[in-house]
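A quick write-up on the structure given underneath.
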Amino acid sequence: MKFTLAASAATIAVLLTGGVTGVFLAFSVAVMPGLDAVKAGTAITAAQSMNQKILNPVFLTHFTGAPLAALATGGALLLLGQRSAAILFFVAAGIYLLGAFLPTMLVNVPLNEKLDATKIPSDPAEAARIWADFSSRWTPWNTLRAVSSVLSLLVMALGPYVWGRNH
């Protein structure tokens, strides 16, 4: 029973973290560069729409569930006496919380909310200024989220390997 719980939690943690990692990575390597390449008013409108659509059960389950599943896996592995593997899942959760979750809550969400409250100006130069200000601040923080999520996933992926070697 404990083995099944730990294996299920590990699988869920990896799947949730992989999913949210893909979202953050896609935004840094394709979505934001694509928006930067169109007219600023169009970019603002598109970003506002994405900000509203991202708040859905699938994304929120991945975003909040990834660290919770990693922590649950660590706890289950401790119950199995698999301290080294448990530590890897705890470290993975910490990396995600510090590098992805906190920046989201402290930087990206407030920037999204500010952009959502922005009325698109009729002056293209003003729209360009608004978009450039948003994109130049939002994208580096999103890239941190992507890199942190990738690192979290890599550390997490070592957990089953270590577990298997000690089992």
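Scanning the range 1-10 for residues that are farther than 16 Å from Val162 by Cα and either buried (at least 24 other Cβ atoms within 10 Å of the Cβ) or in contact (Cβ under 8 Å) with a residue 24 or more places away in the chain (or both) gives Lys2, Leu5. The set of residues in the range 30-41 being surrounded by 14 or more Cβ atoms within 10 Å (Cβ to Cβ) and free of Cβ contacts under 8 Å to residues at least 24 places away in the same chain consists of Val31 alone. Restricting attention to the range 115-156, which residues are at pLDDT below 95 and open to solvent by less than 80 Å² (accessible area, probe 1.4 Å)? The answer is Ile120, Pro121.
Mind checking which residues of the range 11-29 are open to solvent by 60 Å² or more (accessible area, probe 1.4 Å) and either more than 17 Å from Ile95 (Cβ to Cβ) or free of Cβ contacts under 8 Å to residues at least 40 places away in the same chain (or both)?
So the first thing to find is which residues in the range 11-29 are open to solvent by 60 Å² or more (accessible area, probe 1.4 Å), and the list is 11-12, 15, 25, 29.
If the condition is that a residue be open to solvent by 60 Å² or more (accessible area, probe 1.4 Å) and either more than 17 Å from Ile95 (Cβ to Cβ) or free of Cβ contacts under 8 Å to residues at least 40 places away in the same chain (or both), then Thr11, Ile12, Leu15, Val29 are the ones that fit.
Taking Gly81, is it within 26 Å of Ile12 (Cα to Cα) and surrounded by fewer than 17 Cβ atoms within 10 Å (Cβ to Cβ)? So Gly81 fits the description; yes.
The values are calculated or read from the model by the stated rules, or taken from the named source; none is laboratory data. The structure presented is a predicted model; accordingly, all values stated were derived computationally and were not measured. Neighbour counts run over all protein chains shown; Cβ positions are idealised from the backbone, glycine included. Just the protein is used for accessible areas: all its heavy atoms, side chains included, with ligands, DNA and RNA removed. Shrake-Rupley method; radii C 1.70, N 1.55, O 1.52, S 1.80 Å.
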